[in-house]
1. Report yes if some residue within region 46-68 is of a type in the set (Asp, Glu), surrounded by fewer than 17 Cβ atoms within 10 Å (Cβ to Cβ), out of contact with any strand residue (DSSP E or B) (no Cβ under 9 Å at 6 or more places or on another chain) and not in a helix (DSSP H, G or I); otherwise report no.
2. Which of the residues belonging to region 108-123 are of a type outside the set (Val, Ile, Thr) and touching a Ser or Thr at 6+ places or on another chain (Cβ under 9 Å)?
3. Within region 245-287, which residues are of a type in the set (Lys, Arg) and either on the phi > 0 side of the Ramachandran plot or surrounded by fewer than 24 Cβ atoms within 10 Å (Cβ to Cβ) (or both)?
4. Report, ordered by the first and then the second residue, all pairs with beta carbons closer than 8 Å, sequence separation of six or more or different chains, a first member in region 416-443 that is over 27 Å from residue 458 (Cβ atoms), and a second member that is acidic (Asp, Glu) and in a loop (DSSP other than H, G, I, E, B).
5. Kindly evaluate residue 277 against the criterion of being of a type in the set (A, V, I, L, M, F, W, C) and more than 25 Å from residue 422 (Cα to Cα).
6. Name the residue, out of 159, 139, 113, that is under 22 Å from residue 191 (Cβ atoms), of a type in the set (A, V, I, L, M, F, W, C), in contact with a strand residue (DSSP E or B) (Cβ under 7 Å, 6 or more places away or on another chain) and not in a strand (DSSP E or B).
7. Kindly establish whether residue 71 is among the charged types (D, E, K, R), farther than 30 Å from residue 344 by Cα and modelled with pLDDT of 95 or more.
8. Given the residues 118, 67, 50, which is the only one that is under 17 Å from residue 204 (Cα atoms) and either of a type outside the set (Ser, Thr, Tyr) or not assigned by TED's automatic domain parsing to the domain that holds residue 17 (or both)?
Amino acid sequence: MTHILAIDQGTTSSRAILFDAKMRPVATAQEEFTQHFPDSGWVEHDPDDLWSTTAGTCRQAIERAGLGAGDITAIGITNQRETTIVWDRETGRAIHNAIVWQDRRTADTCRALRDQGLEETVTDRTGLLLDPYFSGTKLKWILDNVDGARERARQGKLLFGTVDCYLIWKLTGGAVHATDATNAARTLLYDIRKGRWSRTMCEMLDIPPQMLPEVRDCAADFGTTRPDLFGRPIPILGVAGDQQAATLGQACFKPGMMKSTYGTGCFALLNTGDRPVASKNRLLTTIAYQLDGKPTYALEGSIFIAGAVVQWLRDGLRMIRQAPEVQPLAEGADPAQNLILVPAFVGLGAPYWSAESRGAIFGLTRGSGPAEFARAALESVGFQTRDLLEAMRADCGEAFDEGGAVLRVDGGMSASDWTMQFLSDIIGAPVDRPAILETTALGAAWLAGMRAGIYPDPEEFARGWSLDRRFEPAMAEDMRARRYDGWKAAVRATMSLA
């Protein structure tokens, strides 16, 4: 048994990747699933789709590798965070579609709690802000809107979980109801300093505590799979939310190290060590990972739309047929035009946290066409990333400049040389792309493999991190300042219309 199976359950697809004993990916399977948009700003998934695509891609990856279940030492899981599922303890059936992290239906609930002056309490306990992004108000919405749900929850008949928790329940045949500290830290219900579910937060949102899963380390025993799934029971030994798994996969183990992942959204995490840093610039204080009962904290900036802006060009505007077409299209844009796209399709994340904002584009002329839209779409990712880095620098001061001088990047968009060069240009700092871009899955695999004793400890793992390419800033400082000033003006205008 020399392989680790990593489950990477994402926002638009489920993937399974097999890693060998040297942490090299040897087989991959991926399957997209349907996105449901029942109302403006609402985003849902069918939990059965999440489960079936996960189980199916695991089987496909094992088959493609020419292996059997007996060749797999353990499973690691990484997942879209904050997405909220409630299911029946006896039947395992969800009582409502999963409410996705992008969903904004609880904006009014969050606003009402802020108006009551409760956000300081929320941030003190959870490190988070009162925003629809997080699981707690989504869970409250399900209990308030599904007939009989709250009473059944109080009776212990319903369970809550983020996607990792739901998959563990399904994989183990209902034997384990558990999550890890990184996913718990995104629920709006977990006290990240005390390391336990917060009674204050449960009372504030009227959440029956008996619904909540047990919280474990990222590298821990999460049970074994049902024998009938893959041919033999396989232990589940690693779990981390996708952005924290990417932090691990990027070997950001030292305080001051920082990574940014470009998937559906963009998420930058700055390791702050064993000290939770309270942000004064509306960033999130969260758990980067927890090993041997000891949490390592991070500052996080969350951007809701990154890779999803390319999907919008493809599926909404039909300007491209496939995502890889966007870079050559952007390269052909008229340099004399200066379109600025603020992709607030589901509101603005950090550091603005404007749930009511919606997307806008500025600088249109009669000559604006698909190439200019493509360039503006890719540039929006760089601009938003700079927003996050500026907030982190303001929160951490010299510690940021000492440890965060280089940004490690991963995720689908990081494969675009044009996008990464603009990112380096607009932030004015080097951008490092690793040799293995599958850092999220690698982080989950490493957790399970380390727990199983076949992968190295953090120090040795960090020494093995390798660079594919470094992008150095080439834009003149005055141009960088003008471009960023234009972006900030566009964001202010967008928020003024909210």
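The values are calculated or read from the model by the stated rules, or taken from the named source; none is laboratory data. None of the values given here were measured: they were computed from a predicted structure. Neighbour counts are summed over all protein chains in view; Cβ atoms, including those assigned to glycine, are modelled from backbone coordinates with ideal geometry.
1. The answer is no, given that none of the residues of region 46-68 is of a type in the set (Asp, Glu), surrounded by fewer than 17 Cβ atoms within 10 Å (Cβ to Cβ), out of contact with any strand residue (DSSP E or B) (no Cβ under 9 Å at 6 or more places or on another chain) and not in a helix (DSSP H, G or I).
2. Across region 108-123, the qualifying residues are 110, 113.
3. 254, 275, 280, 282
4. Filtered contacts from region 416-443: 424/472.
5. On the way: of a type in the set (A, V, I, L, M, F, W, C): yes; more than 25 Å from residue 422 (Cα to Cα): yes.
Spelling it out, residue 277 is indeed of a type in the set (A, V, I, L, M, F, W, C) and more than 25 Å from residue 422 (Cα to Cα).
6. Working: 159 fails: not in a strand (DSSP E or B); 113 fails: in contact with a strand residue (DSSP E or B) (Cβ under 7 Å, 6 or more places away or on another chain).
Of 159, 139, 113, the one residue that is under 22 Å from residue 191 (Cβ atoms), of a type in the set (A, V, I, L, M, F, W, C), in contact with a strand residue (DSSP E or B) (Cβ under 7 Å, 6 or more places away or on another chain) and not in a strand (DSSP E or B) is 139.
7. On the way: among the charged types (D, E, K, R): yes; farther than 30 Å from residue 344 by Cα: yes; modelled with pLDDT of 95 or more: no.
Spelling it out, it is not the case that residue 71 is among the charged types (D, E, K, R), farther than 30 Å from residue 344 by Cα and modelled with pLDDT of 95 or more.
8. 118
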